[in-house]
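Shown next, in structure tokens, is the structure this report addresses.
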Amino acid sequence: MSETARPDPIRPDATADPAAPHALRRLASVALDALADGAAARGGPLPAGGPEAVAARTRARCVPILPEEGLPVEEALYGVARAAAEGAADPSAPHCVAHLHTPPLAVAAAADLAASALNPSMDSWDQAPAAAVVEDEVTAVLARLVYAGRPAPDAVITSGGTESNLVALLLFRERALAAGARAPRVFVGANAHHSVRRAAWLLGLPEPVVVDCPGGRMDPAALGRALAAHAGRDGSPALVAATAGTTDEGLVDPLPELAEVARAHGAELHVDAAYGGPLLFSERLAPRLAGIEHAVSVTYDLHKLGWQPVAAGVLAVADTALLEPLSLTADYLNADDDTEAGLPDLLGRSIRTSRRPDALKIAATLRALGRRGMGGAVEHCVGVAEEFARAVDAHPALRRHAGSPGISTVLFRPVAADALAATAGEEAGDELVAGIRRELLAEGRAVLGRARVADGDGRRRLWLKVTLLHPRTTAADLDALLKLVAERAENPAPAGTGH
Ligand SMILES: *Cc1c(COP(=O)(O)O)cnc(C)c1O
């Protein structure tokens, strides 16, 4: 190769300059090569060998992190991206189904690259003039998805369900205090995500009252008793935090009944639909969330069902005035005279200051798929879960949890674990289940989740969990997974192996 044919080396301090993206284009292609090379080297949904082997391979490619003299930029980038890809739990792989860990759509990832290059920060108009408009349109659509019948619904973009629940409880606390109430109290189901209780803790609220969830769903009668005992009578305000799509089972609380009980006791309703919210995109599945429109606020994530790279959280509120407690003035970001002169005030749209324009990838995705495409992809995941549940039922070596599927989650366990429980005790049965999961993780062959959930006889047993979020995976892709689990159940590794 002649001297002149060799491309200029990329300076490590080259910016992502949107006007002249040659450095970014070349480096993006280095990163994409590293992803493909890493995925090929991995050869499965998870790296084989367990944590120590992964740590050694990863360090070999990217340590030292801070060398005295920098490396050529392509080499530094390739090493990190290749290590991350080779050692990834890859949600794009059909057998990576443990968590609400989504395969991001290419359109969303590419939009996120554009967002990274532009780097608008959503805390003031003069850092994000157009991105603010996109966010405004996105939040209007996401709010109307929940609150179609309301005159002025609104939504804010968050870092996920955890922040959405925190903001929901913050808004509740501020409403209560503004009304002169003494002891605002939160009521959560025993099935609620831990972030609701943590939010109460962060906000200095009293420990939430935990409501019984027989069968995994909040019991309206139990809620009524809890509200009667703890709230209402002395006028202290209450917020019921229900769940639409529990993390362990994908179950939806009986929202219409809970809304009615809450109303009868003068309590407000918040719905954590971090998982289930996107069912609203589907005409066929939206009725499963009937009653959600009675909530004062609704958490939902688009980095679960919704196929966005993290982060893409939403908090929808029934009326834009409910967001008033977030308003705040900082002279350098939204001075009153700037706002009066017509510069949009973004600071009151978040509890964060600097903030990524997550609305851009959401907008690109929603425009590409449309409501029908979004709904169809959700229906696909739900349909695959139903087929997977039938395949478990048809398999002589496996047993489905009676409550499954919930949305796109299925719990099951080998009948060998039940047999072992009957002869050697429940713990032995549960250990078989736990061991199968860890063995498949250590081999890098499948990423299954686990959940401890009451069985038909009321005993809390350990189950294998699949959470099906891939918009293209089919039930046939999952047959091999069932076979793998059944084989391991017949021939379990000796105790103590497989980590
Ligand atoms: C995932 C989840 C959360 C937490 O959301 P993050 O986006 O991980 O912060 C909260 N509630 C439920 C029901 C969830 O499934």
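The values are calculated or read from the model by the stated rules, or taken from the named source; none is laboratory data. Quantities reported herein were computed from a predicted structural model and do not represent experimental measurements. Heads up, the Cβs are rebuilt from the backbone with ideal geometry, glycines too, and the neighbour counts pull from every protein chain shown. Just so you know, the surface numbers come from the protein's heavy atoms only, side chains and all, with ligands and any DNA or RNA stripped out. Shrake-Rupley method; radii C 1.70, N 1.55, O 1.52, S 1.80 Å.
The table below lists the values:
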quantity: Condition check for Asp253: more than 15 Å from the ligand (Cβ to nearest atom), in contact with a strand residue (DSSP E or B) (Cβ under 8 Å, 6 or more places away or on another chain) and not assigned by TED's automatic domain parsing to the domain that holds Thr409; calculated: no
quantity: In the stretch 193-215, the residues that are open to solvent by less than 10 Å² (accessible area, probe 1.4 Å) and under 20 Å from Ala454 (Cα atoms); calculated: Val211
quantity: Every pair of residues 6+ apart whose Cβ atoms lie under 6 Å, when the first sits in the stretch 264-276 and is under 14 Å from Val296 (Cβ atoms) and in a loop (DSSP other than H, G, I, E, B) while the second is modelled with pLDDT under 95 and open to solvent by 10 Å² or more (accessible area, probe 1.4 Å); calculated: Gly266/Gly232
quantity: Given (1) open to solvent by 20 Å² or more (accessible area, probe 1.4 Å); (2) in a loop (DSSP other than H, G, I, E, B); (3) closer than 22 Å to Asp358 by Cβ, index of the condition Thr102 fails; calculated: (1)
quantity: Restricting the stretch 158-184 to residues that are in contact with a helix residue (DSSP H, G or I) (Cβ under 6 Å, 6 or more places away or on another chain) and more than 16 Å from the ligand (Cβ to nearest atom), the residue that is modelled with the lowest pLDDT; calculated: Pro184
quantity: Filter result for Val298 (within 21 Å of Gly161 (Cβ to Cβ), open to solvent by less than 10 Å² (accessible area, probe 1.4 Å) and either assigned to a strand (DSSP E or B) or of a type in the set (Gly, Ala, Ser) (or both)); calculated: yes
quantity: Single condition Ala290 does not satisfy, out of (1) touching a residue at least 40 places away in the same chain (Cβ under 8 Å); (2) more than 22 Å from Arg198 (Cβ to Cβ); (3) of a type in the set (A, V, I, L, M); calculated: (1)
quantity: Flag if Ala155 is hydrophobic (A, V, I, L, M, F, W, C), modelled with pLDDT of 95 or more and either not assigned by TED's automatic domain parsing to the domain that holds Asn334 or not in a strand (DSSP E or B) (or both); calculated: no
quantity: Qualifying residue in the stretch 223-235 (condition: within 14 Å of the ligand (Cβ to nearest atom) and open to solvent by 10 Å² or more (accessible area, probe 1.4 Å)); calculated: no
quantity: Output for the stretch 191-213, where each listed residue is without any contact (Cβ under 8 Å) to a residue 24 or more places away in the chain and in contact with a Gly (Cβ under 9 Å, 6 or more places away or on another chain); calculated: Val210, Asp212
quantity: The stretch 209-240, residues that are at pLDDT 95 or above and in a loop (DSSP other than H, G, I, E, B); calculated: Asp212, Cys213, Arg217, Met218, Asp219
quantity: Selected residue (only one of Val54, Val73, Val80 is open to solvent by 60 Å² or more (accessible area, probe 1.4 Å), of a type in the set (Val, Ile, Thr) and not assigned by TED's automatic domain parsing to the domain that holds Ala446); calculated: Val80
quantity: Conditions (1) under 29 Å from Ala114 (Cα atoms); (2) free of Cβ contacts under 8 Å to residues at least 12 places away in the same chain: number failed by Thr58; calculated: (2)
quantity: Entirely in the stretch 308-427, the helices (runs of 4 or more DSSP H) that have 2 or more residues that are outside the structural domain of Glu268 (by TED's automatic domain parsing) and open to solvent by 10 Å² or more (accessible area, probe 1.4 Å); calculated: 358-394, 415-424
quantity: Any chance Arg288 is open to solvent by 30 Å² or more (accessible area, probe 1.4 Å) and away from the ligand (no atom under 16 Å from the Cβ); calculated: no
quantity: Every residue from the stretch 177-207 that is part of a loop (DSSP other than H, G, I, E, B), within 23 Å of the chain's Cα centre (by Cα) and not aliphatic (A, V, I, L, M); calculated: Asn191, His193
quantity: Matching residues in the stretch 461-480 - criterion: being in a loop (DSSP other than H, G, I, E, B), more than 14 Å from Glu386 (Cβ to Cβ) and open to solvent by 20 Å² or more (accessible area, probe 1.4 Å); calculated: His470, Pro471, Arg472
quantity: Members of the stretch 277-289 found to be outside any helix (DSSP H, G or I) and either β-branched (Val, Ile, Thr) or under 10 Å from Val378 (Cβ atoms) (or both), listed by number; calculated: Ser282, Arg284, Leu285
quantity: Single residue of Ala312, Ala295 found to be at pLDDT 95 or above, touching an Asp or Glu at 6+ places or on another chain (Cβ under 7 Å) and aliphatic (A, V, I, L, M); calculated: Ala312
